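Below you'll find the structure, written out as structure tokens, and then a few comments.
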Amino acid sequence: MLKPAVHPALMSNPDTITAVKGFRDVLPDETRRWRLLDEAAARVFGRYGFEEIGLPIVERTELFARSIGDTTDIVEKEMYSFADRDGTSLTLRPEATAGVVRAYLESGLAQRDPTARLYYRGPMFRRERPQRGRYRQFHQIGVEAFGREDPLVDAELLVMLTRYLDDVGARDTRLELNSVGDAVCRPVYRERLRAFGTARLAELCPDCHRRLERNPLRILDCKVESCRRVVASAPVVLDSLCDGCRAHLDAVRALLEQESVPYTMNPRLVRGLDYYTRTAFEVVGATLGAQNAVGGGGRYDGLVAALGGPDVSGIGFALGVERLAMVVPAEVGAEIPPAVAVLPLAPEAVGPAFGLATRLRDAGLSVALEPAGRSVKALLRAADRRRARVAFILGEDELRAGRATIRDLVRHEDRRQALALDAPSAVLAETVRSMLGGDA
Ligand SMILES: [Zn+2]
Ligand SMILES: [Zn+2]
């Protein structure tokens, strides 16, 4: 996408205030596409029984320390935390799952509707190094399904995810699947990984030395190059699964295969957050380079209890809207130009022109209303720039006759009609629609 040039007046002014590093504006070229992503979410997720939840952006810091895990990079290095005026530590949410779980418990949904299915969308905040398609304020669309342990739910979510990606026209993405074990088999794997890491200690970074002590799984997502080389030959969790986890994974895979959902097993896929159990998955964009995940998710059977709720399981995923927008074709969400331009020639035409524009808009048409006092030529040029297809021209003749000249801007022909300037909305709209051939 073309980066718009900075306005010259801003460049020469040292007092200019610019956006904070890693934060950016989302301009109409992109918001149009985002709106389609939102609409598809409501449509596709709705078929699977998901309803939208709106969440606060600020939560208590403790919520994330407890849910994401205080040994993760997110909590250790990337959160925007600050002391409120009364000293409470608050954080701009780095992800939304913890907030959804908090709301599920706090609102009483956990009792009223234990198998609630919720989806959310909105901004998240992480102080990461800004890079292509990654910002410190980024946006996610995500879902959470509570209260079901059975593999049917995992399969439902994965089919829904592929249907959503199809619906928005996402290209060159693939689904990667893994199981990360549970409370039975993960400790066994953790010890295998600790033994492996301890044997290769000299090749690991200082952070990973600490991780080996506190939570060896974290070495798997270390971003340091030498650590990545070591980790490439580390034991995989898939080889340590207990019978229960193995059966769960097999059942999910059988359902995906039954519906011919394409996926690949990735035994090195470990979600960055501590609370994931069993099913873990990622959507990878082939054209996105090294940081190529469009989104991902998995099962988090221990999280609700960890946040003080009942022992209820959950599963969900989150998609990065910025990254999703990068794999959606550019023509999706293309600008829709106004159908009609209303062009007042004389200052006296302003009132009637305003009335015409209002009634055309009331009838559902998009209208560009130009200011008065310019030549017909200048006004038609303006209408052309806006790519309007029909123009209502109001000069002195038209005012005297009490009717507008209607020009077809595509065929460049005038159609003088006995169309009163005060014609009702429906009549105006019908005239325009007949000229547009019914596609407005
Ligand atoms: Zn490391
Ligand atoms: Zn297990």
Filter result for the condition that a residue is among the hydrophobic types (A, V, I, L, M, F, W, C), touching a residue at least 40 places away in the same chain (Cβ under 8 Å) and either within 16 Å of ligand 1 (Cβ to nearest atom) or not in a helix (DSSP H, G or I) (or both), over L212, L158, L175: L175
State which residue pairs qualify: first residue more than 9 Å from ligand 2 (Cβ to nearest atom) and outside any helix (DSSP H, G or I) and inside the stretch 236-247, second residue open to solvent by 40 Å² or more (accessible area, probe 1.4 Å) and not β-branched (V, I, T) in any location, beta carbons under 9 Å apart, and separation of 6 or more residues or different chains. V236/P267; V236/R268
Could you go through the stretch 415-427 and let me know if any residue there is assigned to a helix (DSSP H, G or I) and under 39 Å from the mean Cα position of the chain (by Cα). yes
Checking C227 against (1) part of a helix (DSSP H, G or I); (2) touching a helix residue (DSSP H, G or I) at 6+ places or on another chain (Cβ under 8 Å); (3) more than 16 Å from ligand 1 (Cβ to nearest atom), only one condition comes out false. Which one? (3)
For the stretch 211-232, how many residues are touching a Lys or Arg at 6+ places or on another chain (Cβ under 9 Å), away from ligand 2 (no atom under 16 Å from the Cβ) and not β-branched (V, I, T)? 10
Search result, residues across the stretch 12-58 that are basic (K, R), within 17 Å of the chain's Cα centre (by Cα) and part of a helix (DSSP H, G or I): R32, R33, R35, R43
Given the options I141, I219, name the one that is outside any helix (DSSP H, G or I) and either surrounded by fewer than 22 Cβ atoms within 10 Å (Cβ to Cβ) or of a type in the set (A, V, I, L, M) (or both). I141
Taking the stretch 245-268 and keeping only residues that are more than 16 Å from ligand 1 (Cβ to nearest atom), surrounded by fewer than 17 Cβ atoms within 10 Å (Cβ to Cβ) and at pLDDT below 95, one is left with P267
When every residue in the stretch 231-244 that is modelled with pLDDT of 95 or more and farther than 14 Å from R190 by Cβ is compared, the one least open to solvent (accessible area, probe 1.4 Å) is G244
Mind checking which helices (runs of 4 or more DSSP H) fall wholly inside the stretch 287-376 and carry at least 3 residues that are in contact with a Leu (Cβ under 6 Å, 6 or more places away or on another chain) and either open to solvent by 10 Å² or more (accessible area, probe 1.4 Å) or among the charged types (D, E, K, R) (or both)? none
Given the condition buried (at least 17 other Cβ atoms within 10 Å of the Cβ), in contact with a His (Cβ under 7 Å, 6 or more places away or on another chain) and at pLDDT 95 or above, answer yes or no: does some residue in the stretch 151-163 qualify? yes
Tell me which residues, restricted to the stretch 178-206, are open to solvent by less than 30 Å² (accessible area, probe 1.4 Å) and either free of Cβ contacts under 8 Å to residues at least 40 places away in the same chain or polar (S, T, N, Q) (or both). N178, S179, G197, L204, C205
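Out of the residues in the stretch 124-135 that are in contact with a helix residue (DSSP H, G or I) (Cβ under 9 Å, 6 or more places away or on another chain) and part of a strand (DSSP E or B), which is most open to solvent (accessible area, probe 1.4 Å)?
Taking the candidates together, the pick is R134.
The values are calculated or read from the model by the stated rules, or taken from the named source; none is laboratory data. Fair warning: this is a prediction, and the values are worked out from it, not measured in the lab. Note: ideal-geometry Cβ built from the backbone for every residue, glycine included; neighbour counts use all protein chains shown. Surface accessibility is based on the protein's heavy atoms, side chains included, excluding ligands, DNA and RNA. Shrake-Rupley method; radii C 1.70, N 1.55, O 1.52, S 1.80 Å.
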